[in-house]
1. Only one of Gly210, Gly181 is buried (at least 22 other Cβ atoms within 10 Å of the Cβ) and more than 16 Å from Val335 (Cβ to Cβ); which?
2. For segment 108-150, name all the residues that are within 21 Å of the chain's Cα centre (by Cα) and not in a helix (DSSP H, G or I).
3. Go through segment 316-334 and count every residue that is touching a helix residue (DSSP H, G or I) at 6+ places or on another chain (Cβ under 8 Å), open to solvent by less than 50 Å² (accessible area, probe 1.4 Å) and in a helix (DSSP H, G or I).
4. So, Lys116, is that one open to solvent by 40 Å² or more (accessible area, probe 1.4 Å), within 30 Å of Thr299 (Cβ to Cβ) and basic (Lys, Arg) or not?
5. Any idea which of Arg16, Arg5 is open to solvent by 60 Å² or more (accessible area, probe 1.4 Å), basic (Lys, Arg) and in a strand (DSSP E or B)?
6. Can you name every residue in segment 337-352 that is not in a helix (DSSP H, G or I) and not hydrophobic (A, V, I, L, M, F, W, C)?
7. Please determine, by comparing only the residues of segment 19-30 that are aliphatic (A, V, I, L, M) and within 22 Å of Gly321 (Cβ to Cβ), which one is surrounded by the fewest Cβ atoms within 10 Å (Cβ to Cβ).
8. Name every residue in segment 133-148 that is aliphatic (A, V, I, L, M) and either open to solvent by less than 10 Å² (accessible area, probe 1.4 Å) or free of Cβ contacts under 8 Å to residues at least 60 places away in the same chain (or both), in order of residue number.
Amino acid sequence: MSQIRIGSVGIGSISRGVHLPGIDRSPDLRLTAVCDIDPEALRYARETYGIDEAHCFTDYRDLIRCPDVDAVDISTPNCVHYEIALAAAEAGKPYAVEKPITMTAAEADRLAAVTKEKGVQSMVCFSYRFKAAARYARDLVERGMIGDIYHVDMQYYQAWGLPHCNTPLVWRFEKQYTGSGALGDLGSHALDLVRFVTGKDYRRVVSHAGTFVHEREKLDGSGMGKVDVDDFANYFAEMDGGTAATFRITRFGYGRGNYQTMEIYGSRGAIQYSLDHTPDADEIEICIGEANAEAHVFTKLPIPAKFKVDQMQSFADLLNGKADGKAATIEDGRVNQHVMDAVLRSAETGAWETID
C-alpha cells in the first residue's frame, strides 16, 4: 500500500514531542496537512516538516474535507477531541485521538457508536501501551506466570504543578478545556495501563481528589485566574475477580519527571513495571518461585525485542491491516471515560460508585 496521508490537528507539545516525530519516522505514513488556530504552530509545521501553506488549516473541518488527507491525527486540548473525532468518523476517515477521548461518558458513548456505525478504524493514544516493559508484563500475566491477581498498586507522579515551578494557567488547569486535572491528564493513562496489563475491567471505585494551588497567573499577564480541576486524585478500585487496585496520581510529586510504578501481586508471583526510575527508561522486575519469594528477591529482566513498538507506526499497522490487537480502540477509550466519570462522582459524594 502507498503511504497513508495524515492530517494532524493540534500542533502543541504532545504533537511536537510524540505524534509528528512518529509520523515522520514511519515508512507507511506521510504528514500531508496540519491544523491549528495558532499561527506560530502552523509556522512550526511548515518549517519543520515542509507543509505547504495550502495544507495549513485553521479549521479542522477544512482539513477533514481535504482530498489529500486519508486519516486524521488529533492532539488538541481535551474539549475538542469529541467534535473533531466525530467529524472524522462521519466523513469516513480513520483517526487517532489523544486521551481522554471526550469530556463525558455520554460523549464517549456517542463517538464510539458513530465510529462503529461508519466502520471507521480508530486508535486512542494511550501511549504507555507501547512501552516494551508494559507489553512484557502483560505477556507474563497472560501466560499465568503470577497466578491469580490479588492486588495492583499504580503510582503516576509528575512535579510541574508545584508552586516553585511557576506554571501559569495553561488549559490543563481549566475545567472548560480539560474536564478534569491530574485525573484526566495522568490518571486516564494509569487506568488504561492497569486494565491493559491485567486484562481485567473495573467494577466500582471510591476516590479522594483535591487542589493545592487554587490560582495561577493568566497567560495574557492580566492577573490571577482560578484553577478549578484536581491537582491530585487518589482512588481505590474493585476489578473483575475481586482484584483490589489502588491509584495515586499527582502533579505535585517533588523531584519527579514522568514517574510511574505499577506493582502486581498474584498467587504465584509479582511483577513491578516502572518508568523513569532510571531516567527515560521503562523496566520490569519479577519475583516468581518459592525460593525467590522466601528470599524477597526481585530480578530485573531484559526485555525481548518483540515487545518494542512505536505508537504512530501502530496506527499505520492498524490502517494497513497489520495490527497486533494491543493498541487502544475507541471502545477502550469509552470504557476509560466511564471509569473517570465514576472517579469524579465519588470525589464529590465520598461513596463507592459503580461503573455504568
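The values are calculated or read from the model by the stated rules, or taken from the named source; none is laboratory data. Being a predicted model, the structure only gives us computed values, none of them experimental. Note that we place each Cβ from the backbone using ideal geometry, even for glycine, and neighbour counts take in every protein chain shown. To get the accessible areas, we keep the full protein, side chains included, count just its heavy atoms, and leave off ligands, DNA and RNA. Shrake-Rupley method; radii C 1.70, N 1.55, O 1.52, S 1.80 Å.
1. Answer to the check: Gly181.
2. Val120, Gln121, Ser122, Met123, Val124, Cys125, Phe126, Lys131 - these are the residues of segment 108-150 that are within 21 Å of the chain's Cα centre (by Cα) and not in a helix (DSSP H, G or I).
3. So the count comes out to 3.
4. no
5. Going through Arg16, Arg5 in turn, the sole match is Arg5.
6. Scanning segment 337-352 gives a single hit, Gly350.
7. Among those residues, the one meeting the criterion is Leu29.
8. Ala133, Ala134, Ala137, Leu140, Ile146
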